Each structure stands twice: as C-alpha cells, then as structure tokens.
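Asks: A single structure is presented below for examination.
Please treat every number below as a calculation from the coordinates, not as lab data. Only a predicted model underlies this, so the values are computations on that prediction, with no experimental measurement involved. Glycine also receives a Cβ, built like all others from the backbone with ideal geometry; neighbour counts cover every protein chain displayed.
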Amino acid sequence: MKKKILLMGNPNVGKSIFFTELTGVHAVSSNFAGTTVDFLEGRLKIGGEEYVLIDVPGTYSLNPSSEAEAVASRLMEDGAVAVICVLDATNLERNLHLAMELMQYDVPIIFALNMTDVAERQGITVDTARLSQELNAPVIKTVAVKKEGFDTLLERLAEVLQISDCGGKCEKCHSCKDEEKWLSAKEITGRVTKKNTSSPSFLDRLGLKMIQPFPGLPIAAVVLAALVGVVVFGGRMLRMPLIMLTDGLIIPFLRTLFEGIFAFFATEGGSLSYRYLFYDGGFQTGFRVFYDGAFRSVSYDVYSAVSGGFADILLNVLIGEYGIFVISFQWIIALILPYVFSFYIGITFLEDSGYLPRVSVLFDNLMRKLGVQGGSLIHVFLALGCAVPAILGSRTATTRKEKMMIATVICFAVPCISQIGALVALMGAFSWWMSPLMLLFAIFVFIVTALIAGKIIKGKTDPLILEIPNLLMPNPKTYFRKLWIRMKHFLKDAELPMLGAVFLAALLAGTGVLQMIASNPQVQLVVSGWLGMPGDAVIALILGIVRREMSVAPLLTLYPSLTHLQAFVAGVVSLLYLPCLSVFGILAKEFRIRFALAIFAGTIVSAIFVGGIVNQIGGLFL
Amino acid sequence: MSLYSADKNNVYQVMSVPEIGLLKNLGVREGTKVAIQQKYALGGPVLLNIEDSFLVAIGKDIATKITVGKMP
C-alpha cells in the first residue's frame, strides 16, 4: 500500500509549484484556475521513508462542481497518511472554508500559507502563530515560486507524519453545517489578518485597468498584436540560425552516420536478401515519381541511384537531398520549431501573469452570443499551442455541453501553432495580406462552428463564473522551466510522427499507391475539379491525418507553381481538416467514440465542402 | 434588486443566490458583502469584489438571478 500525501487547496494557489519543487516531477503551472485537471504522482522521501505525493486538482470545495473538482473529493475519500493544504494568503477566508472541510477527515494536516509576498504587496499580514492555534495544526509561511519556507514545511511534515491520525482534533467541526464553516472561516480570518489600506501597487492597478472595457479593450488589442508580432517576427528571425543548425550540423551528422553504417553492412554483404525483396525497379521508380511530384524537384542522386545498388537507393531515401530524415528535420526544426518557440515565449508569459482570465471577461458578452461563456477563451488560447492539453483542460467546464462545444470549436477552427507556422510560411511566400486574410477566415469559421455546434449539441451551458487572479510578474525560474519543458515535449512529440509521416509519403509513392489514389477519377474530381488544386496535393490530405502541419507542409514544396487562390484554398482546407491523431486519442478518451467519429467525418466533409466553395467563388472573381 | 441591475462602485449584501455549486463554493452566499467593480455592455458579466478579498466575474444569466440589498 502506497503511503499517500495529498497536496490540496483552492485552484491557483500554487500547488503544482510545490509539487515540482518537492518531487522533481514537473507539473505545469499557470496563473489561473484549473491548470491541473487530473492528479499527478511523484515520490517524496521523508525521514528515510518513501511517500507518494499527489498533486490534486484545485478545488473550492469538496462538494464538486466540475469533473476536475470531483477528482479532488474522490482522492480525499480514498484516504491518505497526511494532507498538505496550500492556502492563498491574499484570499484567506475562502481558502479556510476548504480547510474546514478537509479537517473533517481523520487525516493529519499541515498548512502552507502561500503567496505571502503578494499579500504583503497588498498590505495584508497574516499572524501564522495565531492561525496555527486557531486551526490546531502547523502553519508554515511560504513563497513557492521563490522556494521560501520549503525546508520548514518538510521538517514539520515529518513531525506530522509521526501522528497516525489527527488525535481527535479533526472532530472539531465534524457535524457542523456548511454555513457554520463559512462563519468560522470568516471569524478566524478576521482574527489573524491585518489589512493596511496602503495605496495599491502598480501591478494591482494595471490588473484592474486591464479588466475595464476602457482601457482594457485597447490593451487587449495591443497584447494580441504583440503576441502575433512575437510569433511572426520571432519565428522568422529564429528560422535563419535553425536552418544553419539543421543543414550545417544535424543533417551532415546523420549523413555521415548512415554512410558509416551502410559502409559497414556493405562489406558484410548483409543486405543481400533485402536486395532480392525490394530491388525490383518499381520501388525506385515510385520514389522518383514521388520526389518529382510532391517535392517538385528531382534529386540527381535519386536518378543515379536507379542504376546503383539497393544500398545506395536506401541511403538516398533516408538521407539524400530529399530523404526522410532530411525532410522531417527541415520541416520540424527549421520550419515549425521557430514558430512554436516564439509562440510559447509569448503565451507562457500571458499564462503566468494572469492575463488570460481578464481577456476572457472582456469578451464574455460576445462569446455568450455564440453560446459559450467567456471562460472558454482560455481553452482556445491554449489550443493555439496544442489542442490536446486544451481539450483536457476543458474538464473544468461545468456542463457536458460546454466541454463538447469547446472541443468542437478547437477541432474545426483553432489551428495549433505547428499548423500556424506552416500556414504562415505558405501564405507569407505569396503576399503579406494572405495571412491576415486567413486569420479573418478562421474567426469566421470559429463563429459559424460555435453557432452550429450550439444548435446540434444537446444540453445546456452555464454562464460565466470566473475568479480573476492577482496580476503577477511571472517568476523567471518557473517561466523558463515551463518553456523548456514545452519545447522538449514538442520535439519529442513531433519528430517521430513527422518521421513516420514522411516515411509513409515515401512508401505510398514508392509502392505506387499515391499515383493510384491521385489518378482515381473521383479523387481527381474532388482535388482538381472541385478544389482546383494540383493532383499532387492529395498527399497533403493523406499526411494531414497524422499531424496538422502536414496538411500544409507538402504544399510548400509545390509553392512556385501555385496561384494565390490555390494557396488560400489549401489554407482553408487545412484549417478545417482533421485535427491530428493525438487529438483523436483524447477525444475518444474524454468523450464517447461517437463524438470522435462525428468530428472525424465533420472535419473532412466541411474541409472539402468549404474549400471548394472558396475555390469556386474565388474563381469567379479571378 | 437583481445583481445585474445594481450600480457600479456600490457595496451590497447578497440577499438570495440560485442553487449553483460553484457560486456557493466561491463564497457567494446569503449575507456576503459584494462590491460592483465593473459592468459590461452587450450582455456582459458583472465583476464583483467579494468581501474586499478577490474578484469574480459572474455572467449575466446568473447575475439576474442573484438579488442584493443595501448593506445594513
């Protein structure tokens, strides 16, 4: 039986930072309620004994009002050897109400009074000794982001763990009603806190300004423009050094590596049997056609390889000018990564500062008219990074319908940053106004999708109830750690599927399946007739199933031969088209399989349908 | 009067609240002291400062169902 220690508290009090610091397991933290929606486990050693520390999703109460909150009360019911309850010093009364609920259980408890720095900034001082007396449990002052108070916390935790139960202390409010708990929380807060009515700090004043329509809306426009600027220009600036990195270092290294391996096997003669299996001509010709078509350029090496042996061909397929490794690294590192990195620089700052809930409140009136509440905008912002955490994050939604609406809108109308990078690269290759036009179109799709989904999906959505956190300057250490983890995840999650997708492309071309699909009269009718795209573009539709940016990236190799309209239609199709395979995994897990299939069919049909409409209408004017 | 029609910058006491778990858990109950921090046009929410402690935005459709009165 694992000895569990639960890390509990209201949402957004900093539990995940405690967890990361205490266990070394990284938990994502932000400055808004609901960043942790499922529990995380990590090991913690105290006094020679091993415990499991659990980062519990934040909850306002043990009477849950969302899926994420239900996890918290279930974990409490399951039992633990101790609870670390994190309290927000700026918000003591509400935090103490949860503390009272936790104290009903027969589990020893220790309190971490966190955010004491923000409280001081606001002129709030809490008498910890007094609070400890009132609660009959240890209370330790902490500033989690600065790692202050952790040593004392662990020392006192070790003492608390010596007690097997709360020794009757917890009975104090066992039978009392919710109303009495609130009253008692209020009384204790009054006795232990002192509030100086000092003039509010700059950040507190800015935090209030940001949430007023004026100057909040102009500020929102500036912030969003700054985010777009960081992504577009930051991305462009990063591309140069990264192209140098891939073309100058990574690819030559891999080339030498593969050539070395091949030279080794060539002398061994080990690939003889493979030679008989594959060396039948069709495979090579297929590759040639694939390179010729999809990548619009014929590698001299590939031609020469046709006359060479199988090893040469394979070497070319792997690492030649248009080899699987070359293309996948160029796409991931030199094309997509610059945009991903610059986006996360911006969005991580916004997340940790507490800006996102503010902008959500400003736009609640418009979102409400679309059938969702403003709080959903937080999920949309997260989806601009990646749809997977955004859909998981929607567990904080209070109704099923709202969760489904968020997922639907994200799948249809919110491209992830990988896809945005590829889209910006494609559109930017044509004209400066193509990207803004694409953005307007995406907003249009967003509105229409929300309106239609609101009609189709049964149930109701709850109006907005959203706590606005204190505006904070992100802590550099937490900020850079989060940025680093995100980039690591991106490289890990993206390179392998990309390699697989490019390999799949080569295989489809090599076996002639691609040509078969492309020359199918029905496919030609759709791709060339209805969408007005070159036949080779069908590869984008096939690869787009794997990852979102792959529905655009192959077109970049076709770009000199495309018209403005074709590029825009390609963007439209890609925007609406299937989200990636990982998103399906999440949809199937979070919803019923029927919903995942509906999204699957809906995105394909709408992508082809709307893309065609744009092409047909555009054709009339051009 | 309903919270939605209450005046900006005034302080009120909550008289009645609809049965919504999240509201209760946030501490918006009968007797809670709320200040109207901000109101928004076009059916936007009401921004409350609760007990001089924290800010909560409450959508129009709930705000109309919460009644408030003058502080005693």
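Asks: Could you work out how far the C-alpha centroid of the range A:556-593 sits from that of the range A:326-383, in angstrom?
Replies: The distance from the Cα centre of the range A:556-593 to that of the range A:326-383 comes to 18 Å.
Asks: Dipole magnitude of the protein assembly as shown about its Cα centre, charges +1 at Lys/Arg Cβ and -1 at Asp/Glu Cβ only, in debye to the nearest 20?
Replies: On the way: 59 positive and 54 negative charges, 277 e Å.
Approximately 1320 debye in magnitude.
Asks: Can you find, among A:GLN522, A:HIS564, B:VAL68, the residue farthest towards the positive end of the dipole of the protein assembly as shown? Put +1 on the C-beta of Lys and Arg, -1 on that of Asp and Glu.
Replies: B:VAL68
Asks: What shape does the protein assembly as shown take by its C-alpha gyration tensor, where a ≥ b ≥ c are the square roots of the eigenvalues and a/c under 1.5 counts as rounded, a/b above b/c as prolate, and the rest as oblate?
Replies: Numbers: a/c = 2.51, a/b = 1.72, b/c = 1.46.
Prolate shape, in that a/c is at least 1.5 and a/b is the bigger ratio.
Asks: Which value, in debye to the nearest 20, gives the size of the charge dipole of the range A:20-108 about its Cα centre, when Lys and Arg are +1 and Asp and Glu are -1 at the Cβ? Provide the component values of the computation, followed by the final result.
Replies: Numbers: 4 positive and 14 negative charges, 31 e Å.
Roughly 140 debye, rounded to the nearest 20.
Asks: Let me ask something else. Where does each of A:TRP530, A:TRP331, A:TRP182 land when they are ranked from fewest to most other beta-carbon atoms within 10 angstrom? Write out the running numbers ahead of the final one.
Replies: Values: A:TRP530 17, A:TRP331 28, A:TRP182 20.
By the 10 Å Cβ count, ascending, the order reads A:TRP530, A:TRP182, A:TRP331.
Asks: Inside 10 Å of the C-beta atoms of A:91-97, what's the mean count of C-beta atoms belonging to other chains? Intermediate values should be presented prior to the final figure.
Replies: Numbers: counts 5, 1, 6, 8, 2, 0, 4.
Across the residues of A:91-97, the mean count of other-chain Cβ atoms within 10 Å is 4.
Asks: Another one. Only helical DSSP H runs with n ≥ 4 go in: add -39500 (n - 2.57) per run for chain A, normalise by residue count and round the 222 nm mean residue ellipticity to 500 deg cm²/dmol. All intermediate terms of the calculation are to be shown ahead of the outcome.
Replies: Numbers: 32 runs with 374 residues, N = 622.
When only DSSP H runs of four or more count, the value is -18500 deg cm²/dmol.
Asks: Which percent, nearest 5, of DSSP beta bridges in the range A:4-198 are antiparallel?
Replies: On the way: 11 of 29 bridges.
Around 40 percent antiparallel, to the nearest 5.
Asks: Would you order A:ARG205, B:ARG29 from fewest to most other beta-carbon atoms within 10 Å of each residue's own beta-carbon? Before the final figure, lay out each step's value.
Replies: Details: A:ARG205 12, B:ARG29 15.
Least crowded to most crowded, the residues run A:ARG205, B:ARG29.
Asks: Same structure, new question: Return the distance in nm (one decimal) between the two label points of a simple spin-label model at A:LYS146 and A:LYS458, each offset 7 Å from Cα along Cα→Cβ.
Replies: In this crude spin-label approximation the distance works out to 5.5 nm.
Asks: For the range B:3-70, what's the relative contact order in percent, using C-alpha pairs closer than 8 Å and at least 6 residues apart? Show your work: numbers first, answer last.
Replies: Numbers: 131 pairs, mean separation 27.1, N = 68.
Reported relative contact order: 40 percent.
Asks: Sticking with this structure for a sec: Only helices at least 27 Å long along their axis, Cα-based, and averaging 0.5 or more on Kyte-Doolittle count here, so list those DSSP H runs from chain A. Walk me through the numbers on the way to the answer.
Replies: Working: long enough: A:434-456 (32 Å, 2.25); A:476-510 (50 Å, 0.42); A:593-621 (42 Å, 1.74).
Those that clear 27 Å and a mean of 0.5 are A:434-456, A:593-621.
Asks: While we're here: Among bridges DSSP assigns within chain A, what percent are antiparallel (round to 5)? Walk me through the numbers before you get to the answer.
Replies: Working: 11 of 29 bridges.
Given both bridge residues lie in chain A, the antiparallel proportion sits at roughly 40 percent.
Asks: Putting +1 on Lys and Arg Cβ atoms and -1 on Asp and Glu Cβ atoms, find which of A:PRO338, A:THR20, A:PRO497 reaches farthest to the positive end of the dipole of chain A.
Replies: A:PRO338
Asks: Summing Lys, Arg as +1 and Asp, Glu as -1, what charge do residues with Cβ under 10 Å from the Cβ of A:SER394 carry, A:SER394 excluded? It would help to have the intermediate numbers written out before the result.
Replies: Working: positive: A:ARG395, A:LYS403; negative: A:GLU67, A:GLU402, A:GLU590.
Counting the neighbours of A:SER394, the net charge comes to -1.
Asks: Can you work out the PRE-style zone for A:LEU622? Point 7 Å along Cα to Cβ, and I want the residues of the range A:413-428 with backbone N under 15 Å.
Replies: Those under the cut-off are A:426-428.
Asks: Ok, one more. Distance from the Cα centre of the range A:509-528 to that of the range A:1-78, in angstrom?
Replies: Taking the Cα centre of each part, the range A:509-528 and the range A:1-78 sit 52 Å apart.
Asks: Just to be sure I understand the model, the point goes 7 Å from the Cα along the line to the Cβ. What's the resulting A:ILE243 to B:ASP7 distance in nm?
Replies: Label-label distance for A:ILE243 and B:ASP7, simple model: 6.4 nm.
Asks: Still on this model: Using amide H atoms built 1.01 Å from N in the peptide plane, name the residues 5+ places from A:ALA82, or on other chains, whose amide H lies under 5 Å from its own.
Replies: Under 5 Å from the amide H of A:ALA82 lie the amide H atoms of A:LEU6, each far enough along the sequence or on another chain.
Asks: If you stretched the chain out fully between A:LEU366 and A:ARG205, how much longer would it get, using 0.36 nm times the residue separation minus the C-alpha to C-alpha distance?
Replies: On the way: separation 161, 0.36 × 161 = 57.96 nm, distance 2.54 nm.
Using 0.36 nm per residue and subtracting the Cα-Cα distance, I get 55.4 nm.
Asks: For A:THR35, enumerate residues with amide H under 5 Å from its amide H, sequence gap 5+ or separate chain, H modeled in the peptide plane.
Replies: Amide H to amide H, under 5 Å and 5 or more residues apart or across chains, A:THR35 pairs with A:ASN12.
Asks: Order of A:585-598, A:100-113 by packing, highest average Cβ count within 10 Å first?
Replies: Numbers: A:585-598: 15.1, A:100-113: 21.9.
Ranking the peptides A:585-598, A:100-113 by packing returns A:100-113, A:585-598.
Asks: Continuing with this model, one more query. Could you tell me whether the range A:333-374 comes out rounded, prolate or oblate from its Cα gyration tensor? Rule is a ≥ b ≥ c as square roots of the eigenvalues, rounded for a/c under 1.5, then prolate if a/b exceeds b/c, otherwise oblate.
Replies: Numbers: a/c = 5.51, a/b = 2.05, b/c = 2.69.
Oblate, because a/c is 1.5 or more while a/b does not exceed b/c.
Asks: Further question: Based on DSSP H runs of at least 4 residues, each adding -39500 (n - 2.57), what is the mean residue ellipticity at 222 nm of chain B after dividing by all its residues, to the nearest 500 deg cm²/dmol?
Replies: -2500 deg cm²/dmol
Asks: If amide hydrogens are placed 1.01 Å from N in the peptide plane, which non-local residues have theirs closer than 5 Å to the one on A:CYS416?
Replies: none
Asks: How would A:SER435, A:SER574 line up from fewest to most surrounding beta-carbon atoms within 10 angstrom?
Replies: On the way: A:SER435 20, A:SER574 27.
Going from sparsest to densest Cβ surroundings: A:SER435, A:SER574.
Asks: With the Cα gyration tensor of the range B:3-70 giving a ≥ b ≥ c as the square roots of its eigenvalues, does the rule (a/c under 1.5 for rounded; else a/b larger than b/c for prolate; else oblate) give rounded, prolate or oblate? Display every interim value, and only then the final one.
Replies: On the way: a/c = 1.38, a/b = 1.15, b/c = 1.20.
It is rounded, given that a/c, with a ≥ b ≥ c, falls under 1.5.
Asks: Would you work out the relative contact order for chain A, in percent, from Cα pairs under 8 angstrom that are 6 or more residues apart?
Replies: Details: 939 pairs, mean separation 78.5, N = 622.
Over chain A, the number comes to 13 percent.
Asks: Counting partner chain Cβ atoms within 10 Å of every residue's Cβ in B:35-46, what's the average?
Replies: On the way: counts 0, 0, 4, 7, 1, 10, 2, 6, 5, 11, 13, 1.
Partner Cβ neighbours, averaged per residue: 5.
Asks: Related question: What is the sum of charges, Lys and Arg at +1 and Asp and Glu at -1, for the other residues whose Cβ falls under 14 Å from the Cβ of A:ILE447? All intermediate terms of the calculation are to be shown ahead of the outcome.
Replies: Values: positive: A:ARG368, A:LYS369, A:LYS455; negative: none.
Summing Lys/Arg as +1 and Asp/Glu as -1 gives +3.
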